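The values are calculated or read from the model by the stated rules, or taken from the named source; none is laboratory data. Not measured: the values here are computed from a predicted model. Note: ideal-geometry Cβ built from the backbone for every residue, glycine included; neighbour counts use all protein chains shown. Please note that ligands, DNA and RNA were not included when accessible areas were found on the heavy atoms of the full protein model with its side chains. Shrake-Rupley method; radii C 1.70, N 1.55, O 1.52, S 1.80 Å.
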Amino acid sequence: MSYYTPDYAAGATPQNLQFIPSNYATAQSGGSGTMGSASGSYMYGSESGGQERLSTGILAAFGTSGYPGEPPLLEELGVNFGHIQQKTMTVLNPFRSIDQHIMDDSDLAGPILFCLLFATFLLLSGKVHFGYIYGVALMGTLSLYAILNLMAMKSIDMLRTASVLGYCLLPLVATSAIGVVVPLDNALGYFFSAFVIFWCTYSSSAIFVSYLQLSQMRVLVAYPLALFYGIFSIMTLFVEKQLSGK
């Protein structure tokens, strides 16, 4: 293969052309940006001067491999299992010290999962409350978002408010799971539900107080939270009474 360039320095005319031969060889392996024909995979250079291999094909489309330093796909979609585990353990052990970076992100993957589990367990126990759950969660989040921002000098956004409320719903999720096999509409169930409300309230108020620096106003923060979780607790206790047509 060859190409030409006009000799403008010598005052050449368009007919005075210089042809320079050039050969291109297909690299079989090695350098940056080459494709190995035998291996069926792409090669590219890394920052350290080495080479990395990206597999191709149908199986690679469903894999989790990627470029070095690139975050996992689930983390890019907002699903970080490390954060979910950290916040879950904070709720399960409310007496542990609160990590100062626990509110750095507004993770909603855990709250959505817990709400779905809560609604599913209620459904298995004969309580169809999907609409109530979504309505109370939405209105409660909006109300608490407004109340917390009025009380604190430091602001908190709505997504972080929803994240804390959703994660601290975990004890009530466990209560709804128990309600599938054991009736809770009795004295023992009332006592257990009161304990769970206190658990959820204590965990959520500890996180909000730590983030908003409201240590002197924890009781005021806990009061609306107790009302919020109390409504969810009522859903786990009582079964809707079906009226007969007689």
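From the list Met139, Met153, Met103, Met158, the one residue that fits, being of a type outside the set (S, T, N, Q), buried (at least 19 other Cβ atoms within 10 Å of the Cβ) and over 19 Å from Val196 (Cα atoms), is Met103. Within region 106-136, the residues that satisfy the criterion of being touching a helix residue (DSSP H, G or I) at 6+ places or on another chain (Cβ under 6 Å) and open to solvent by 60 Å² or more (accessible area, probe 1.4 Å) are Leu117, Leu124, Phe130. The C-beta contact set for region 147-175 (first residue within 22 Å of Ala119 (Cβ to Cβ), second residue aromatic (Phe, Trp, Tyr) and surrounded by fewer than 14 Cβ atoms within 10 Å (Cβ to Cβ), distance under 9 angstrom, 6+ apart or interchain) comprises Pro171/Phe195. Residue count for region 222-234, restricted to those that are under 21 Å from Pro183 (Cβ atoms) and either open to solvent by 20 Å² or more (accessible area, probe 1.4 Å) or not in a helix (DSSP H, G or I) (or both): 2.
When the helices (runs of 4 or more DSSP H) confined to region 143-217 are screened for residues that are over 13 Å from Tyr229 (Cβ atoms) and of a type in the set (Ser, Thr, Tyr), those reaching at least 3 such residues are found at 187-212. Among the residues of region 168-181, is any open to solvent by 60 Å² or more (accessible area, probe 1.4 Å) and either within 22 Å of Leu108 (Cβ to Cβ) or more than 21 Å from the chain's Cα centre (by Cα) (or both)? So far as region 168-181 goes, yes, one or more of its residues are open to solvent by 60 Å² or more (accessible area, probe 1.4 Å) and either within 22 Å of Leu108 (Cβ to Cβ) or more than 21 Å from the chain's Cα centre (by Cα) (or both).
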